[in-house]
Structures are given as C-alpha cells and as structure tokens.
Amino acid sequence: MKLYRIILVDDEEEVRKSIIRKIKWEENGFLVAGDAENGEDALEKIEALEPDLILTDIRMPYMDGLTLAERVRQKYPSMKIVIFSGYDDFEYAKTAVKYQVMDYILKPITAKELAQTLTRVKEKLDEERFQKSDMKRIRGAYMSNLPILRGRFLNSLLMGNVGEQEIQEKLNDYQIKLD
C-alpha cells in the first residue's frame, strides 16, 4: 500500500513536532514528507515534495493558511487541504469552504480527532486513485480494441450499413482521415 504524503504547516515549531509525534501516520495511511513554519515556506516544499495533503494552521506570519489554500487550489486543484485554527470565526470557515478545504478543525486538536480527519481524507484519496486507475484501464482497453473497431466500421461503411450522420461521428471517434 502506497502511503499518501503530507506536509504540516504551523508557525509554532513545538505544535508541529507534537502533532508529528502523537499521530501514528503510517497506520493512518500517511507519511510526513515535510513541515513548514509559514505559507511561503510551505509553497516551496509543496513544489518540491508534491504532497497529497496539506495540514495547515490558519494564522501564520508572511502567508496565512487561507492564502496558502488559495494558491495551492490554483496550482494543484486535486491536492487536499485541512486547516486547523484556534479561531472559531465563521468568516474563516466560509473562506475555507470557498477554497474547497476538506476540513476545518479547531485547536487544540486531539490525536483522535486528527486520526478521524485523516481517515476521511484517505478515503477520498483512495476513491480518486481508484477512479484514475479505472479510467486508465478503460482507456487502455479502448486503445487496444481501436483497430478492431475501425475495421468493423470500415467494413460497415463499405457494405452501406452506416447512416450519413454516423459516418462523420465514427470517422472522428476512430481517428480515421479520408481524403
């Protein structure tokens, strides 16, 4: 089983280290790929490490968690983001929803609460991974059968068994160029 990669972002080093120590990451399907003390530092690490999940504090110097979420969403639309905050502010939560943040957790975070969130994120990532592999499988099957489909279509075309509207559609679908 491939572990999903996570970057933890918080301006308080002790908070980062505590979260890293308290969670059984591998049991939850994750690997801590790195950590950062602010959004700017995190963006550089995200570029280099390409994590599946960003777990970020909301209030940090230089670049806060919401700005980080906005920038990540623009460049990496499928990357998952979870925000944790000591601020129970509706405006923060509303903005987090706008940037498609998966969860908004209030501090102090318990190991149990974070593990539950990681389970939800992992389920979503697993589902997306399955869909992607399923699409690759379907695309591969289509490409391997394409010569057969082309042959059947051309045979039907020669026999006059294809309607005029269907001809152009099938020529496009099967990537056949008739000059």
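Counting only Cβ charges, +1 for Lys and Arg and -1 for Asp and Glu, the dipole size of region 126-179 around its Cα centre is about 280 debye. Once all protein chains are placed together, TYR92 keeps about 50 Å² accessible to a 1.4 angstrom probe. At a probe radius of 1.4 angstrom, the accessible area of the chain per residue rounds to 64 square angstrom.
Counting charges near ILE20 (Lys, Arg +1; Asp, Glu -1) among other residues having Cβ under 13 Å from its Cβ returns a value of -1. Going through the cross-link list LYS17/LYS80; LYS24/LYS107; LYS2/LYS94; LYS112/LYS136, which pairs have a Cα-Cα distance over 30 Å in this structure? Among LYS17/LYS80; LYS24/LYS107; LYS2/LYS94; LYS112/LYS136, the Cα-Cα distance tops 30 Å for LYS2/LYS94; LYS112/LYS136. Per-residue surface analysis assigns GLU128 an accessible area of about 50 Å², computed on protein heavy atoms at 1.4 Å probe radius. Pairwise Cα separations in the chain fall into 10 Å bins from 0 onward with the following percentages, short to long: 9, 30, 23, 9, 11, 11, 5, 0. Relative to the current alpha-carbon distance between LEU157 and ASP134, full extension at 0.36 nm per residue lengthens the span by 5.1 nm. Distance between the modelled labels on TRP25 and ASP126, one decimal in nanometres: 2.0 nm (7 Å Cα→Cβ projection).
Across region 10-16, computed HN-Hα scalar couplings (Karplus, 6.51 cos²θ - 1.76 cosθ + 1.60, θ = phi - 60°) run 7, 6, 9, 4, 5, 5, 4 Hz from first to last residue, x flagging Gly and Pro.
Calculated on the Cα set of region 130-179, radius of gyration then Dmax: 13.3, 42 Å. From its DSSP helices (H runs of at least four residues, each -39,500 (n - 2.57)), the chain gives a residue-normalised ellipticity at 222 nm of -18500 deg cm²/dmol. The distance between label points at GLN100 and ARG73 comes to 0.9 nm (points 7 Å beyond Cα on the Cα→Cβ vector). Paramagnetic label reach from THR110 (point 7 Å along Cα→Cβ; backbone nitrogen cut-off under 18 Å): within region 71-92, residues 84-86.
Solvent-accessible area of the chain (1.4 angstrom probe, protein heavy atoms only): carbon and sulfur portion equals 50 percent.
The values are calculated or read from the model by the stated rules, or taken from the named source; none is laboratory data. Keep in mind that this is a model prediction, so the values were computed, not measured. Glycine gets a Cβ as well: all are built from the backbone with ideal geometry, and neighbour counts include every protein chain shown. The area values use the complete protein model at the heavy-atom level, side chains included, leaving out ligands, DNA and RNA. Shrake-Rupley method; radii C 1.70, N 1.55, O 1.52, S 1.80 Å.
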